[in-house]
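The values are calculated or read from the model by the stated rules, or taken from the named source; none is laboratory data. All values reported here derive from a predicted model rather than from experimental measurement. Here the Cβ positions follow ideal geometry from the backbone for every residue, glycine too, while neighbour counts run over all protein chains shown. When the accessible area is computed, the model is the full protein with side chains, heavy atoms only, and any ligands, DNA or RNA have been set aside. Shrake-Rupley method; radii C 1.70, N 1.55, O 1.52, S 1.80 Å.
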Amino acid sequence: MSTSTFRTAVVRAPGEPDSIEIIDVPVVEPGPGEVRVEIAAAPVNPVDLGVAGGFFHALGLINQPEHTGLGWDFAGTVVATGPGVDLPVGTRVAGLVVGFDRDFGTYAEQLVASASDLAVVPDGLDLIAASTVPLNGLAAAQIVDLLGDPRADGNRLLVTGAAGAVGGYVVSLGQERGWEVTGLARAADEEFVRGLGADFTTHAEPGWDAVADGAALQERGLALVRDGGAFVGVRPNAAPAAERRITVATVVAHPDGPRLGDLLDRTASGELPARVHAVVSLDQVADAHRTVAKGGVRGRYVLTP
Ligand SMILES: NC(=O)c1ccc[n+]([C@@H]2O[C@H](COP(=O)([O-])OP(=O)(O)OC[C@H]3O[C@@H](n4cnc5c(N)ncnc54)[C@H](OP(=O)(O)O)[C@@H]3O)[C@@H](O)[C@H]2O)c1
């Protein structure tokens, strides 16, 4: 890496994973309230496959003139700070950048981000594991916010995709909120889901007080909710139409430094699982995308720039 540029993975013309290019872009200095982070780890999330493949371009959500950045979450080390920032250079941090329509992402050697969106990675948690927390831990916490407290007339919550990144966190955080949780996942995931303290099923019948739809089953997930129950989806641009007096909400994960700090602390203590499938270099990003696209991967692919 030269001092004036850094490497980052982008898509110019979305398509197959081989359309992902690694380019050099100029280093940006942090402005007021911002830090520049040397990224150590960035996970591959399902949303990245949608960005690289053109799904969100087709929806009209991406209009970048030159290239679109890839990657939403990261962990790394602060290397420069802007005015008004009290995070010292050298601090290990993790964070989340959001929005589809951006020319930068976390699949990169560096990133400039708002310091208030970041959280310090606790001692005892490595940056690879920490990088897997922000997007899906915050999404899950925010899904549980949308669910709210269990209803007086029923507290049975079905979490679809319970062995996935979002679903696994919702299983844990939903139980803390007082829900009686059952995880819907593949047969091979039973031990993981039960290990989180939840009931387990591979086939759910309708009638749940609430469904948190980590598997993005959409209308099929909504059909599992009882009349007057609650549904929280993961696709804000494609919420299933409300029916039968069901409250329908969808999560839009957003940065929350303090809450991320709590999730990281609890990952460091082993209270929440840290799930890494493989660590690969940024140059192997297309292979990682190809493998994730096939499904069945448990734990994240983490890219190291
Ligand atoms: N709106 C937001 O802010 C936001 C934030 C984060 C994530 N998301 C979205 O949330 C979804 C989940 O993300 P993730 O990272 O948790 O994905 P993930 O780790 O791939 O988890 C999805 C899980 O669902 C399972 N699954 C799919 N269909 C199933 C079925 N019919 N029965 C049982 N299990 C099933 C998958 O199993 P297999 O692998 O075996 O298919 C996988 O374990 C994605 O669509 C993602 O884009 C949205």
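Please specify each residue of the range 260-283 satisfying the condition of being part of a helix (DSSP H, G or I) and surrounded by fewer than 16 Cβ atoms within 10 Å (Cβ to Cβ).
Asp262, Asp283
Check the range 106-119 and report whether any residue there is under 19 Å from the mean Cα position of the chain (by Cα) and of a type in the set (D, E, K, R).
Taking every residue of the range 106-119 in turn, at least one turns out to be under 19 Å from the mean Cα position of the chain (by Cα) and of a type in the set (D, E, K, R).
Does any residue of the range 62-72 turn out to be closer than 18 Å to Thr304 by Cα, surrounded by fewer than 20 Cβ atoms within 10 Å (Cβ to Cβ) and assigned by TED's automatic domain parsing to the domain that holds Ala278?
no
Please specify each residue of the range 166-180 satisfying the condition of being in contact (Cβ under 8 Å) with a residue 40 or more places away in the chain and surrounded by 24 or more Cβ atoms within 10 Å (Cβ to Cβ).
Val166, Gly167, Gly168, Tyr169, Val170
Residues are listed down the side, and each one gets a yes or a no for (1) touching a helix residue (DSSP H, G or I) at 6+ places or on another chain (Cβ under 8 Å); (2) touching a residue at least 60 places away in the same chain (Cβ under 8 Å); (3) farther than 22 Å from Asp283 by Cβ; (4) among the aromatic types (Phe, Trp, Tyr):
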position: Glu34; (1), (2), (3), (4): yes, yes, yes, no
position: Leu49; (1), (2), (3), (4): yes, yes, no, no
position: Ala52; (1), (2), (3), (4): yes, yes, no, no
position: Ile62; (1), (2), (3), (4): yes, no, yes, no
position: Gly69; (1), (2), (3), (4): no, yes, no, no
position: Trp72; (1), (2), (3), (4): yes, yes, no, yes
position: Gly76; (1), (2), (3), (4): yes, no, no, no
position: Ala80; (1), (2), (3), (4): no, no, yes, no
position: Pro88; (1), (2), (3), (4): no, no, yes, no
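Just to verify a result, which residue in the range 284-302, among those that are away from the ligand (no atom under 14 Å from the Cβ) and either in the same structural domain as Ser172 (by TED's automatic domain parsing) or open to solvent by 50 Å² or more (accessible area, probe 1.4 Å) (or both), is farthest from Phe192 (Cα to Cα)?
Only one residue tops the list, namely Gln284.
Please go through the range 83-106 and pick out each residue that is part of a loop (DSSP other than H, G, I, E, B), away from the ligand (no atom under 16 Å from the Cβ) and surrounded by 24 or more Cβ atoms within 10 Å (Cβ to Cβ).
The answer is none; no residue qualifies.
Looking at the range 261-277, can you tell me whether even one residue there is closer than 23 Å to Trp179 by Cβ, free of Cβ contacts under 8 Å to residues at least 24 places away in the same chain and either within 16 Å of the ligand (Cβ to nearest atom) or of a type in the set (S, T, N, Q) (or both)?
Yes, the range 261-277 has at least one match.
Just a yes or no: is a residue in the range 47-54 touching a strand residue (DSSP E or B) at 6+ places or on another chain (Cβ under 8 Å), of a type in the set (Asp, Glu) and open to solvent by less than 40 Å² (accessible area, probe 1.4 Å)?
No, the conditions are met nowhere in the range 47-54.
Answer yes if at least one residue in the range 227-249 is assigned by TED's automatic domain parsing to the domain that holds Gln110, away from the ligand (no atom under 16 Å from the Cβ), among the aliphatic types (A, V, I, L, M) and touching a Leu at 6+ places or on another chain (Cβ under 7 Å), and no otherwise.
no
Go through (1) crowded, with 22+ Cβ neighbours inside 10 Å; (2) closer than 27 Å to Asp73 by Cα and name the single condition Gly195 misses.
So Gly195 meets the others, but not (1).
Tell me, please, whether a residue that is on the phi > 0 side of the Ramachandran plot, in contact with a Pro (Cβ under 8 Å, 6 or more places away or on another chain), assigned to a loop (DSSP other than H, G, I, E, B) and surrounded by fewer than 17 Cβ atoms within 10 Å (Cβ to Cβ) can be found in the range 117-130.
From the range 117-130, those on the phi > 0 side of the Ramachandran plot are 124; that's our starting set.
Okay, now just the ones that are also in contact with a Pro (Cβ under 8 Å, 6 or more places away or on another chain), so none.
No.
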